[in-house]
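Everything on this sheet refers to the single structure shown next.
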């Protein structure tokens, strides 16, 4: 429905109510409706799921059409990202947001900062999704509100060409509401708990849920030690729980991202139940580390399984966890991924210990030999030392090719001394093209950085504190922040406008007309930023 169509419909409705609604302006109604395109979180989930499905199909046709996102821990951060994307690129096409469980734990828990171990309140996850979309919807309302003001100015000036341009822009307005891939950790409990939380997350607007195959009560950050996986049947029950939640709520094309931590997880809490040789339970148990045992030597408390007619005693730790055989991580990842895709997952996530394209591609090639359109979401993690990793990769590649690397010390490649060297420059170029190259070679549909704004907030605050409390004094803020905001066109330099003051003035005008007491008058200091 166009803006003009909304006015016509609203006018017809107002007239039906006669004098009782005489103070209701149809144009104002149409403006408020346009500024509130999404009525519920489910409207958002359905809209953004359709976006992701289209993007997945586009990637299948051309791997250059990969997608990206940045992690966020507050609605304002999400809002500013999308405003910046629209400012710099003119569109949000193929740009999403990522909601990181790590950042929820570290920054949003009532317990204070927590490690990524699912100890934070699970209700904080859907609450943050709702917050993200509240800020994104406000960005829509703000941007359209400014268009409406410009439209009024054009009409007052009798500028019909500008009026028509603005009407076209209003009707073609691109929303700030983009897909959010939301981290549900390991489900915060059993399959029923997973379903209940998934439903809340979808109701808040999530179209994509990322769930991992770690055991809930032993969950660890994917880049820390001590990870414990669960048998496939346990994980598949949680994938089905997420799918049921999507279907119950009418989000038929919701996306499930199945994450495997098996590459770095050497432990399991359970021996899988197996009905027959070669089934999923048997395949999972085949990776267990253990020793063949004589039945006569079974001791008190020993757990013994039968494997191909032989008795095996799995290696059990004092924690009651069982150990997998060394070197089986990649094989377990491949089995995890194929199994997840065969049982309802849409995308894969393989958590790795370093950003190495060929390592990822080696596993993806094996997965795609079975499921040709398998696609990954990949964590471009700040837990990796990107500079050191890629300088070492270049060093090793050059050494293997017989090139002279005697001028480099592999143990200190992080040094600033190497920044301007051929090796440093080549490593930086590989980092620059990593996402593009990995999308083409390793089947990565979506690249994300989990914790970027955790680090940018710390870095920018450090710089401001250093300057403001040091010799620069107030110039530390003015030069380092405000002057840069003004000159680079950062929207929130007009922070009253960004916080919704002008929107409130518009509403006061609608509600009270000439009696409205508005904030945006001649004495508003924000007028200093008009130029």
Once you have a ≥ b ≥ c as the square roots of the Cα gyration tensor eigenvalues for the stretch 38-78, tell me rounded if a/c is under 1.5, and otherwise prolate or oblate according to whether a/b is larger than b/c. oblate
Between residue 89 and residue 515, Cβ-based FRET efficiency (R0 41 Å, step 0.05) works out to 0.45
How do 21, 398 rank when sorted from fewest to most other Cβ atoms within 10 Å of their own Cβ? 21, 398
In degrees, nearest 10, the alpha-carbon axis of helix 501-512 is tilted away from the dominant principal axis of the alpha carbons of the chain by 50 degrees
Extend 7 Å from the Cα of residue 271 along its Cα-to-C-beta direction; within the stretch 312-328, residues with backbone N under 19 Å of that point are 312-326
Order 387-394, 345-352, 146-153 from most to least packed using the mean count of other Cβ atoms within 10 Å. 345-352, 387-394, 146-153
Can you give the Rg and Dmax of the stretch 419-473 based on its C-alpha atoms, in angstrom? 17.4, 51
A chain fully extended from residue 526 to residue 325 at 0.36 nm per residue, minus the present Cα-Cα distance, gains in nm 65.9 nm
Distance between modelled label sites at residue 406 and residue 298, nm, 7 Å Cα→Cβ extension: 6.5 nm
Rounded, prolate or oblate: which fits the stretch 1-135, taking a ≥ b ≥ c as square roots of the Cα gyration tensor eigenvalues, rounded meaning a/c under 1.5, else prolate when a/b beats b/c? oblate
Based on the alpha carbons, how large is the Rg to Rh ratio for the stretch 427-531 when Rh follows Kirkwood? 1.18
Under 20 °C and 1.002 mPa s, how fast does the stretch 117-223 diffuse according to Stokes-Einstein, given a Kirkwood radius computed over C-alpha pairs? Answer in µm²/s, whole number. 129 µm²/s
If only Cα atoms are counted, what is the Rg of the stretch 60-164, and what is its Dmax, in Å? 19.0, 62
Over the stretch 312-423, what relative contact order in percent results from Cα pairs under 8 Å that are six or more residues apart? 20 percent
Going by the alpha-carbon gyration tensor, a ≥ b ≥ c the square roots of its eigenvalues, is the stretch 359-485 rounded (a/c under 1.5) or, if a/c is not under 1.5, prolate (a/b greater than b/c) versus oblate? oblate
Using only Cα positions of the stretch 199-328, each an equal point scatterer, no hydration layer, compute I(q)/I(0) via Debye at q = 0.21 Å⁻¹ and quote the log10 values to two decimals. -1.20
Under the helix-only model (-39500 (n - 2.57) for each DSSP H run of 4 or more, divided by the residues of the chain), the mean residue ellipticity at 222 nm, to 500 deg cm²/dmol, is -15000 deg cm²/dmol
DSSP-defined antiparallel bridges as percent of all bridges, the chain, nearest 5: 25 percent
Test of understanding: extend the Cα→C-beta vector of residue 399 to 7 Å, then name every residue of the stretch 344-375 with backbone N under 19 Å from that spot. 354-359
In 10 Å bins starting at zero, report the fraction of Cα pairs in the stretch 229-269 per bin as a rounded %. 26, 43, 24, 7
Debye calculation, C-alpha points only, no solvent: report log10 I(q)/I(0) for the stretch 256-368 at q = 0.11, 0.13, 0.15 Å⁻¹, in the same order as the q values. -0.42, -0.57, -0.73
What translational diffusion coefficient, to the nearest whole µm²/s, does the chain have by Stokes-Einstein, given a Kirkwood radius computed over alpha-carbon pairs, a temperature of 4 °C and 1.567 mPa s viscosity? 49 µm²/s
Share (percent) of C-alpha pair distances in the stretch 470-513 greater than 13 Å works out to 65 percent
By counting other Cβ atoms within 10 Å of each Cβ, how are 492, 337 ranked from fewest to most? 492, 337
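Read the figures in this text as sums done on the coordinates, not as results from a lab. Note that the structure is predicted; figures quoted are calculated from it, not measured. A quick note on method: Cβ atoms are made from the backbone with ideal geometry, for glycine too, and the neighbour counts reach across all protein chains shown.
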